[in-house]
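Enquirer: Pasting a structure below so you can have a look.
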Amino acid sequence: MNNQRPKILVVDDLVDWRTTLGGLLVDVGYQVAVAESSAAALDLLKTEHFDLVLLDVRLDETDEESTEGLTLAGEIKDRWPSTKIIIITGYGTSEILNKAMETDAEGRRLAANYIEKTKTGELVQVVRDALKKE
Amino acid sequence: MIDCHPKSKGSILVVDDLPDVRTTVLGLLLDEGYKVRSASNRANALELIEAERFDVAILDIRLDETDEENQDGLLLMHEIRERDPNIAILIMTAYADVKMVREALQPVNGSAPALGFLEKTEIVDLLKYVELALNNRQTKSVVCNLITQGENEHLEFKSSLRWDLNLGVVSKVLQQEVAITIAGMLNANGGNLLIGVSDDGTVLGLEHDFQSLRKKNADGFQLALIDIIRNYLGVEKMTHIHPSFEDVGNQKVCMISVEPSPEPVFLAMGNSYEFFVRVGNATHRLDVRAAMDYRRMHWKNGGDYVQNSFGR
């Protein structure tokens, strides 16, 4: 029974966001793990299967230009294609989001969806939808 | 099969009717690597407790904000203790009064229902309490880990101390066997004897032994054990024999830790004395000649025991 609860990984370098988003998702019944960096996320992904990864675009608050999250998203898509990805962003830079949501030649795209940090109220619904979609 | 706590850091149930408090506490614990779940009321909490195993439960007292008088958390605390006495309970509340604290920390059957009591404003202390609770649990699980190992040179299981489960009587033979096992360990490299556990590692508990005693509890059991040691080995040997009682699931087992003896220990049987040594996972009786040889080898320099492989 335990194993039927979808497993979600939350990746954000900011502890407040990790704990808020993670806490919300546990509270609605998901199994959740958190990671603060790409490296930590990959370590976890190697040892267990996640149905969905929720990841911050920037992943490095000290670098305004960081798009490390997108790099990680690409790597996850390559290595674990069945794992869904939702991008979280604190600053809806359309360019980055466009990239994440763009469909490739085979009609696939990197992220299932994205969500802005200011709209955590929608988080659970966005996650549910992503997990439902095939 | 017994559950000896998986590798994860520990699993924690958070019960509070306020979603914000739940998510904050959950997030905090999650970030520390704990496995967490939550419930908003008593019924949901009990459902989870029955379906999954938890190490710690963090409970709010007022589980219904609309009802000033609600103290469902305290009720839940007792319900959890009934179902699984090994879950450490932490009470977390915004409205503590002395009466509540007293009820949560008042010992029942020798131990307090709650391990700690903290106010919601002290949420930083929560992690300290959780660690404390889990450390408590880890000492307990020493026995649990031993049981998983199975019998070996340093470890023997016995179903009971004196009550023969097949015949339904108090048995002299069983008591003698316990004495023989202990003598064998004293004369070899020491070890642990677990009573209340069958050969195949099934936890049977000590209830039958307890019921066979005048004092039907761990105290009575310990007195009976000392009696056996006195009769067969001499009471002074108790200095190398350390019994303790541990809970495994809902059962109690007795762990007898035996140190290697600094000198040979003989077992009194009627009018004669016998010499036993634990070799591999069995205890062997040595005849006089073999015992002499063994003594020379094991206690070099006359009588001084040379510690070798015990306590690895």
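The values are calculated or read from the model by the stated rules, or taken from the named source; none is laboratory data. Here the structure is a predicted model, which means the values were calculated and not measured. Here the Cβ positions follow ideal geometry from the backbone for every residue, glycine too, while neighbour counts run over all protein chains shown.
Enquirer: So which of A:LEU72, A:LEU54 ends up being touching a helix residue (DSSP H, G or I) at 6+ places or on another chain (Cβ under 8 Å), surrounded by 24 or more Cβ atoms within 10 Å (Cβ to Cβ) and not in a helix (DSSP H, G or I)?
Expert: A:LEU54
Enquirer: Please specify each residue of the stretch B:208-221 satisfying the condition of being in contact with a strand residue (DSSP E or B) (Cβ under 6 Å, 6 or more places away or on another chain) and within 17 Å of B:ASP247 (Cα to Cα). Even if it seems obvious, please write down each step before you answer.
Expert: If we filter the stretch B:208-221 for residues that are in contact with a strand residue (DSSP E or B) (Cβ under 6 Å, 6 or more places away or on another chain), which is where we start, we get B:208-209, B:212, B:218.
Listed by number, the residues that qualify are B:HIS208, B:ASP209, B:ALA218.
Enquirer: Is there any pair linking a residue in the stretch B:185-205 that is charged (D, E, K, R) to one that is at pLDDT 95 or above and part of a loop (DSSP other than H, G, I, E, B), with Cβ under 6 Å and at least six apart or on different chains, and which?
Expert: Going by the 6 Å Cβ cut-off, there are no qualifying pairs.
Enquirer: Now a separate question. Would you say B:ALA51 is in the same structural domain as B:VAL124 (by TED's automatic domain parsing) and either of a type in the set (Val, Ile, Thr) or free of Cβ contacts under 8 Å to residues at least 12 places away in the same chain (or both)?
Expert: Values: in the same structural domain as B:VAL124 (by TED's automatic domain parsing): yes; either of a type in the set (Val, Ile, Thr) or free of Cβ contacts under 8 Å to residues at least 12 places away in the same chain (or both): yes.
In short, yes.
Conditions (1) within 14 Å of chain A (Cβ to nearest Cβ); (2) touching a residue at least 12 places away in the same chain (Cβ under 8 Å); (3) within 24 Å of A:PRO6 (Cα to Cα); (4) crowded, with 23+ Cβ neighbours inside 10 Å, marked per residue:
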| site | (1), (2), (3), (4) |
| --- | --- |
| B:PRO19 | yes, yes, yes, no |
| B:ASP67 | no, no, no, no |
| B:ILE89 | no, yes, no, yes |
| B:THR93 | no, yes, no, no |
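Enquirer: For the stretch A:16-28, which positions are over 12 Å from the mean Cα position of the chain (by Cα) and at the interface with chain B (Cβ under 8 Å from one of its Cβ atoms)?
Expert: If the condition is that a residue be over 12 Å from the mean Cα position of the chain (by Cα) and at the interface with chain B (Cβ under 8 Å from one of its Cβ atoms), then A:THR19, A:THR20, A:GLY23, A:LEU24, A:VAL26, A:ASP27 are the ones that fit.
Enquirer: Please go through the stretch B:267-285 and give me each residue that is part of a strand (DSSP E or B) and closer than 15 Å to B:THR181 by Cβ, ordered by number.
Expert: B:LEU267, B:MET269, B:GLU274, B:PHE275, B:PHE276, B:VAL277, B:ARG278, B:VAL279, B:ALA282, B:THR283, B:HIS284, B:ARG285
Enquirer: Report yes if A:ASP13 is over 14 Å from A:ILE76 (Cα atoms) and under 14 Å from the mean Cα position of the chain (by Cα), otherwise no. If you could, list the steps in order and put the result at the bottom.
Expert: Working: over 14 Å from A:ILE76 (Cα atoms): yes; under 14 Å from the mean Cα position of the chain (by Cα): yes.
In short, yes.
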